[in-house]
1. So which residues in the range 129-144 are among the small types (G, A, S), near the ligand (Cβ under 9 Å from one of its atoms) and farther than 17 Å from A299 by Cα?
2. Here's a check for you: in the range 218-258, which residue that is within 13 Å of the ligand (Cβ to nearest atom) and small (G, A, S) is farthest from the chain's Cα centre (by Cα)?
3. Could you tell me whether any residue of the range 191-200 is under 21 Å from D98 (Cβ atoms) and not small (G, A, S)?
4. Would you pick out the residues in the range 277-307 that are away from the ligand (no atom under 12 Å from the Cβ), in contact with an Asp or Glu (Cβ under 8 Å, 6 or more places away or on another chain) and part of a helix (DSSP H, G or I)?
5. Hey, does the range 145-162 have a residue that's part of a helix (DSSP H, G or I), within 18 Å of Y70 (Cβ to Cβ) and at pLDDT 95 or above?
6. Among the residues of the range 333-356, how many are under 18 Å from the mean Cα position of the chain (by Cα) and either aliphatic (A, V, I, L, M) or closer than 13 Å to W277 by Cα (or both)?
Amino acid sequence: MGTVISAKVVLDDSGLERPVSLEQVGEVSSMGRVEFMYSYGPHLLPPLAPSNDGMWRYQALLPVQNKARYPLAVGATPLLAPANLRAQAGIASLWLKDETRSPTGSNKDRATAIVLEQALQDGVRTVTCASTGNVAVSLAAGAAASGIEAVIFVPACVADAKLQLMLLSGAKVFKVAGGYEAAVELSRQAACTFGWYDRNTGYNPCTLEAKKTVALEIWEQLGRQVPDVVLCPVGDGVTLSGIAKGFRELMWCGATERLPRLIGVQAEGCQPLKRAWEGRDQATSMPTGTIADGIAVAAPINAPMVLRDVRESGGSFIAVSDRAMLQAISVLAAEGGIWVEPAGAAAFAGVACALTTGLLERNERVVVLITGTGLKNPRYLSSRDCNSLYEVEATLEEVERSLVHC
Ligand SMILES: *Cc1c(COP(=O)(O)O)cnc(C)c1O
């Protein structure tokens, strides 16, 4: 296990930081995002030889020791080199980091693993979170595998297919009137009052630590090099900040001298961070709504840190429409062989926008984060093109006749 030597808290949108003692971490987490620091050096990097322990390969840079109690296999998701998509986008070095290949099909499984590994070691019986869907599904499945009770708070608008998966995994689920923010508040209060373990993504510093392993994997998968640009969907912002921290730590460990630009992709119908980035609002805004439930966060918990991280990387924020995400889902399915949910397709949908606005050059090495599978909520996986469906009698003549017609 890596030894956390200090912690700091990021206080506001300008990135103002304050060091805190490790004993204070629990108390200050309501003031801002807590970041753990290690004693950086090459000794914290993984060995050259491959191993088979997924995310735990980076244990020297994680705050939780893996005693292999957590039973699901997390991390080591593939970095795909999608030939058709490369040709179509005209980007020769386009890569997809495919987080749909996690136990429950989203990048949330990394944070769940680290939180539950700690919970198992601490003998915790009940763990709670609030979620728009994927965190909850991930926690429900992980807790089921760990023999821990999961109590989950979801907004009333939760996708039914995801809700069914939580219930199927045996979680207790509270559907909260008042949306995601109200669900988070209630879950945190319940954690305090009933003594439950809190997995809430913006508050538990371990979630950031878990999500940074995506960056460590990308670096290894590119032959121990960092990409030029990473596009990442942003809801609360922990996914992007985790990636930023991962690349920063690689630099502090002497593995790279430069950092990738990070482009945060939001949904047009809910883009508080993009608006804050442009100086138009505080990082809260009235959403008009989006089909991308995974990034539909009106008041991002991690706003100060994610704004700082994007700025420091030389990156930017963009927003994509629901229509662009649906189009990206189709392209990823038909040209890439991957089934993705709307939030999971947002970063890919952002590539075109990043190209036209000059945030991205075609000769750069670009990694697009694909965060969530479409299989958990197949509603958006339907094709709008029925031209390739044929209804035939069971004769070869009919098949032949149909082929001639198209
Ligand atoms: C949670 C989630 C995101 C965004 O992650 P944040 O850490 O909240 O910014 C993106 N895509 C999917 C599919 C998600 O579930």
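1. If the condition is that a residue be among the small types (G, A, S), near the ligand (Cβ under 9 Å from one of its atoms) and farther than 17 Å from A299 by Cα, then S138 is the only one that fits.
2. A244
3. no
4. Scanning the range 277-307 gives P304, L307.
5. Yes, there is a match, as at least one residue in the range 145-162 is part of a helix (DSSP H, G or I), within 18 Å of Y70 (Cβ to Cβ) and at pLDDT 95 or above.
6. 8
Residues checked against (1) aliphatic (A, V, I, L, M); (2) surrounded by fewer than 18 Cβ atoms within 10 Å (Cβ to Cβ); (3) touching a Phe, Trp or Tyr at 6+ places or on another chain (Cβ under 6 Å):
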{"position": "G246", "(1), (2), (3)": "no, no, no"}
{"position": "E249", "(1), (2), (3)": "no, no, no"}
{"position": "R261", "(1), (2), (3)": "no, no, no"}
{"position": "Q266", "(1), (2), (3)": "no, no, no"}
{"position": "R280", "(1), (2), (3)": "no, yes, no"}
{"position": "N302", "(1), (2), (3)": "no, no, no"}
{"position": "V306", "(1), (2), (3)": "yes, no, no"}
{"position": "E312", "(1), (2), (3)": "no, yes, no"}
{"position": "G336", "(1), (2), (3)": "no, no, no"}
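This table checks each residue for (1) touching a His at 6+ places or on another chain (Cβ under 6 Å); (2) within 24 Å of P378 (Cβ to Cβ); (3) within 16 Å of the ligand (Cβ to nearest atom).
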| residue | (1), (2), (3) |
| --- | --- |
| A111 | no, no, yes |
| T126 | no, no, no |
| S146 | no, no, no |
| F153 | no, no, yes |
| G170 | no, yes, no |
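The values are calculated or read from the model by the stated rules, or taken from the named source; none is laboratory data. Treat the numbers as computed from the prediction; the structure is a model and nothing was measured. Methodologically, a virtual Cβ is constructed for each residue, glycine included, from the backbone with ideal geometry; neighbour enumeration extends over all protein chains shown.
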